[in-house]
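What follows is calculated from the coordinates using simple rules that are stated; it is not laboratory data. A quick note: this is a predicted structure, and the numbers were derived from the prediction, not measured. Cβ sites come from the backbone with ideal geometry, for glycine too, and all protein chains shown count toward neighbours.
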Amino acid sequence: MNYITSCPACGTQFLLNNEHLKARRGKVQCGNCEHIFNAKNRLTEVSDDINSPEEYNASLEETLAEPDETQVLDEKRIGEKLNVVLEGVPDLQDLASDNADTSADFPIMAAETDDTLFIGSNTPHLTDAYDTNQISSPISIEDLTGKEKLKKPKTKVNYWLVSLSVLFALLAGLQTIYAKRIQIAAEYPQYKTYLVQACHALQCEIPLPKNLDLLTIDDSDMQEDENRQNVIKFSSMLLNNARFAQAYPNIELTLTTTDDEPVLRKLVKPREYLKAGTDIDAGLGSREEKRIHLAINVKDLAVAGYRVQLVY
């Protein structure tokens, strides 16, 4: 069954059917002026062969233009036409709950009340099986006025800008990996092979970490050598507290007098305090300890104490 409705704001007429009225309980939005109103309050039933408001208006003009020789108003015919119109008007009491407040002509969209049916262009035909409960945004029906609905311009994607952004992000990531390659190779040894291959191409190196905060030298002792004159024996324990291997440090040994004045400072390198055959390039392993023994010739110096620290 078809109906004619008109916008109360601009007077534009539209052709509706039962499916359109069921979709939003009669609440529609004009595709011409975007005014929202209830189409059930402004319905006129028309025959199924009427396909547009223009055809409906033309049929009214033809009816009014029919010659009447007696010039007598045919009350019976007018009454029949009015009955046809009144039969198409729904019971307004059913709409009382929808029109209880001043916002009836301006329904809230999907969030709190029923959505509004937009009377615009390019609308698929609604059927009885159409699930209107799943509609989360206004839909449009055929605009019988012939006016096209304005379409929002599509946002253009600048692919060059996107490509440059990705390239800069990739370069920044590679630069970070290069700067922290030693730490990454130490903490994630499974990636060290790939880093070594990359450094070979870039002509860089991945040396062992050198974190003095994770190294400890303890249990130190210094005694005179009983068999050799002017020679003192120094011993200590070197410990790597890190979870990864580290490069062997240098040992800076300072001999002092009774007044704690330095009289001799000696920098001892790993090859001097490690046993012969030790793989220095492999470094000091995680949680590994190394006992250090040194023999130092102090000549005629009066040595009473010492200070020791690790340096790279």
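Condition check: within 21 Å of V268 (Cβ to Cβ) and assigned to a loop (DSSP other than H, G, I, E, B). Does L239 satisfy that? Spelling it out, it is not the case that L239 is within 21 Å of V268 (Cβ to Cβ) and assigned to a loop (DSSP other than H, G, I, E, B). Condition check for P249 on (1) surrounded by 15 or more Cβ atoms within 10 Å (Cβ to Cβ); (2) out of contact with any helix residue (DSSP H, G or I) (no Cβ under 9 Å at 6 or more places or on another chain): one failure, at (2). Each residue in segment 1-16 was checked for being closer than 21 Å to S59 by Cβ and surrounded by fewer than 21 Cβ atoms within 10 Å (Cβ to Cβ), and 6 pass. Pull up segment 212-246, narrow it to residues that are farther than 19 Å from R307 by Cα and crowded, with 18+ Cβ neighbours inside 10 Å, then point me to the one that is farthest from the chain's Cα centre (by Cα). Result: N240.
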